[in-house]
1. Going by how many other Cβ atoms sit within 10 Å of their own, how do B:164, B:77, B:107 line up, fewest first?
2. So which GluC sites (Glu not before Pro) in region B:152-205 end up in coil per DSSP with only 14 or fewer other C-beta atoms within 10 Å?
3. Check which residues have an amide H placed less than 5 Å from residue B:146's amide H, if you skip close sequence neighbours.
4. Could you compute the net charge surrounding residue B:40? Neighbours are other residues with a C-beta less than 11 Å from the C-beta of residue B:40; K and R count +1, D and E count -1.
5. Enter the Cα centre distance for the pair region B:1-60 and region B:107-149, rounded to the nearest angstrom.
6. Rounded to the nearest 20 debye, what is the charge dipole size of region B:6-230 about its Cα centre when +1 sits on each Lys and Arg Cβ and -1 on each Asp and Glu Cβ?
7. Just need the relative contact order of region A:2-78 here, percent rounded to a whole number, with Cα pairs under 8 Å and 6+ apart.
8. Going by the alpha-carbon gyration tensor, a ≥ b ≥ c the square roots of its eigenvalues, is chain B rounded (a/c under 1.5) or, if a/c is not under 1.5, prolate (a/b greater than b/c) versus oblate?
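Computed from the coordinates by the stated procedures, all read-outs in this text should not be read as laboratory data. The shown structure was predicted, so the numbers you read here are calculated from the model rather than taken from an experiment. Because the Cβ atoms are built from the backbone with ideal geometry, glycine has one as well, and the counts that use them run over all protein chains shown.
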Amino acid sequence: MRATVLVRPKDGILDPQGEAVQGSLEKLGFAVGSIRVGRVIDIDLGAVGQAFAREQVERMCSELLANPLIESVEIRLVEA
Amino acid sequence: MTGRPLVAVVVFPGSNDDRDAAWALGALGADPVFVWHEEEELPEATGAVVLPGGFSYGDYLRCGAIASVAPAMDAVRRFAGSGGPVLGICNGFQILCEARLLPGVLRPNRQLEFVCRDTTVRVEQDDTVFMRRCETGQELVLPVKHGEGAWHTDEGQFAHLSERGQIVLRYAAEVNGSLGNVAGVVNESGNVMGLMPHPEHAVDPLLGSADGGLLLAALVDAAAEHVLAAA
């Protein structure tokens, strides 16, 4: 089982990094709306079941991978 | 036994203000001892803990996140739980927030630039062990040097912390986009404090300010009391 964790700045949280990227894209001539920059974490979980995998990854997120004050997470599981 | 209270300075890979912190603590009457992050116990006679500034683990994932789960942090958590005074400076503040020993989180500076200069901070609350050599309303000159120093929490918690007097230091003027210009906070029981400015770099007039000595000397006092109380 493989997990992909998408960590994003929560809605309403200021993302100066996203603003800087947006400014640079505009300088390059692209017309873009708001840009938010997050993080992707790919995890190889080995041969485990779907329910166990989800429970593990949720715990990883709350204990280390994301800070719930400022970040939201989306977990995608894929059979390896 | 030197008669000086032992203050543990926890060293993580990437800490870089550990020596300055130890030097300042020594000059203010403490016996500073370095504790490597892989240690599972603090020295038995520890009277206080300092988490120094730096870039622990290269700021991977989020500043302070990896360090917050280092073995030494379990010992720091137990020490704080027993009422021991713990001070986190800069990266140490980030670590304490990530370890959830302090409320909030430190985010990238609003201006996305590293800021390195003296700042004026106002004492908001002198009723904690860390601030007892200061007075509410007093202004201190302390240097900052950080890229991720914008303290943030949600509105509900911010109101709660302000009401409870857990906001102990605020910048006199905007520095990094920190919510409410917060520069330092304490935990609910008042024995864990974190701040972005560096008191250890302001302990002698030759350095431009000796105001940091007020905070660190208070920590040394608290360390001596904790050693006595534990004996």
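1. Values: B:164 12, B:77 16, B:107 27.
Starting with the residue having the fewest Cβ neighbours, the order is B:164, B:77, B:107.
2. On the way: sites: B:155, B:163, B:174, B:188, B:200; in loops: B:174, B:188.
Here the sparse-neighbourhood loop sites are B:174, B:188.
3. HN-HN under 5 Å from residue B:146: B:115.
4. On the way: positive: B:78; negative: B:38, B:39, B:41, B:74.
Surrounding charge for residue B:40 is -3.
5. If we compute the Cα centre of each part, the gap is 21 Å.
6. Working: 14 positive and 30 negative charges, 75 e Å.
Value, rounded to 20: 360 debye.
7. Numbers: 97 pairs, mean separation 39.0, N = 77.
Dividing the mean separation by the residue count of region A:2-78 yields 51 percent.
8. On the way: a/c = 1.36, a/b = 1.22, b/c = 1.11.
It comes out rounded by the Cα gyration axes.
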